[in-house]
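The values are calculated or read from the model by the stated rules, or taken from the named source; none is laboratory data. Fair warning: this is a prediction, and the values are worked out from it, not measured in the lab. All Cβ positions, glycine included, derive from the backbone under ideal geometry; neighbour counts span all protein chains shown. Side chains included, ligands, DNA and RNA excluded: accessible areas come from the protein's heavy atoms. Shrake-Rupley method; radii C 1.70, N 1.55, O 1.52, S 1.80 Å.
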Amino acid sequence: MPVEFLGIAATNDGSETTARSGAAFDKDYTLRLARAHEDHGWDRVLFAYGSGSPDPAPAAAYIASRLDHLRILLAHRPNVSYPTYAAKTFATLDQISDGRLTVHFITGGNDREQGREGDTLTKDERYARTREYIRIVKKIWTTHEPFDHEGEHYRFHDFVSDVFPVQQPRPNVSFGGSSPAAYAAGGAEADVYCLWGEPLAKTAEQIEAVKAAAKAAGRTDVPRIQVAFRPIIAPTEELAWEKAHRTVGAIKQRRQAGLVRHHRNGVLEAAAPQNTGSQRLIAIAEAGERYDRALWTPTAAATGGAGNSNALVGTPETVAQALLDYYDLGVDILSARGYDLLGDAVDFGRHVIPLVREEVAKREAERQAERQAEREAERDAAHAAHDPHQPLAAARG
């Protein structure tokens, strides 16, 4: 299977280690960062969502209208707009981008963050709403006749959109989470299921949970799997680990000084996180700092398990091999975001992505050769069964 790389489409240069130098929406920086991804081998960038952050949809439209190939993953929370409105927005953006859109639906794992925009539903209620929301959006994208909807959370009558996506039958839907409710919702509705980077064994367990949920929902296919990391790379292992410890020091310093309130995927809260994904990251960090080939947990511990926060540390070769370990588990979308957003996007694109793509191509060639050999063996066996006295070479001829 092919491999894809997802980066971040930040609207300013701030991160967990560095204060932003300008406005929350820095138009020039937003374009420069996206162009760096397009120019250095990335496939797609995520426009994330935060309650007080710049609206990702117009920012994504701005980038899509100025770049030719980079694809877009647009994060969206169902609580912020009615599904009829959202479906039109997404279809319009797919038109602007010439069919380069995927939508990532966020249910929301923090009651306080959800409440900032008036969402008072419980977590289980939010998951039920998200499933209903996704189904409505999919139907609007693919239905050319007016229809009614009477659901638990949404009711409307005689609706039909006049704008449809370029992608047929529809754009892909992305979803994430690590709770049973998340697996059930995403397993039923997602084309892509997103996980935060965990040790290989735990990632394998989550993949199996997603597959089981898809089967329980009556699907004959399964979502593609995406896993996200924070790579910390340098020319040597020693320099990479020095950089990793400096990074954690900077995260802790800003957090202790009260300079960090939000990060791109939610809130850095002092209290224990409510969402299962962050709870898992904290538990993994408490159990150990290093796992497998290059996974390092102090970055997650320093942020309180906030979002995509486990690191892969090492040389480009080490980090590439670590990513290939996840690819071998069945992960074919690799999400990566550094702490120096622009510089790390360039370095990762130059030094890691080509190594991974080269090895994936070799693996695919080997698998194709194996499949061809199996087909030939089956054909030989079939001929031999039909005429046991005929030589195999003649049977092939």
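Taking all protein chains together and a 1.4 Å probe, the residues Asp98, Asp148 rank Asp98, Asp148 from largest to smallest accessible area. With R₀ fixed at 41 Å, the C-beta to C-beta distance from Thr220 to Leu31 puts the FRET efficiency at about 0.50. Using the alpha-carbon positions of the chain, Rg (one decimal) and Dmax (whole number) come out as 22.8, 84 Å. Looking at the chain, the DSSP beta bridges with both ends there are about 20 percent antiparallel. A Stokes-Einstein calculation at 20 °C with viscosity 1.002 mPa s, built on the Kirkwood radius of the stretch 147-210 over Cα pairs, returns a diffusion coefficient of 148 µm²/s. The stretch 185-264 and the stretch 116-174 have their alpha-carbon centroids 27 Å apart. Placing +1 on each Lys and Arg Cβ and -1 on each Asp and Glu Cβ, with no other charges, gives the stretch 320-379 a dipole about its Cα centre of roughly 160 debye. Structure remark: mean-square fluctuation, Gaussian network model of the chain, C-alpha springs under 10 Å; the largest value among Val319, Val160, Val222 belongs to Val160. Shape class for the stretch 181-335, computed from the alpha carbon gyration tensor (a ≥ b ≥ c): oblate, with a/c not under 1.5 and a/b at or below b/c. Considering only Gln114, Gln253, Gln226, the mean-square fluctuation computed in a Gaussian network model of the chain, springs between alpha carbons under 10 angstrom, is largest for Gln253. The relative contact order of the chain, computed from alpha carbon pairs under 8 Å that lie at least 6 residues apart in sequence, is 18 percent. Our estimate of slack between Leu329 and Ala384, defined as 0.36 nm per intervening residue step minus the Cα-Cα distance, is 16.1 nm.
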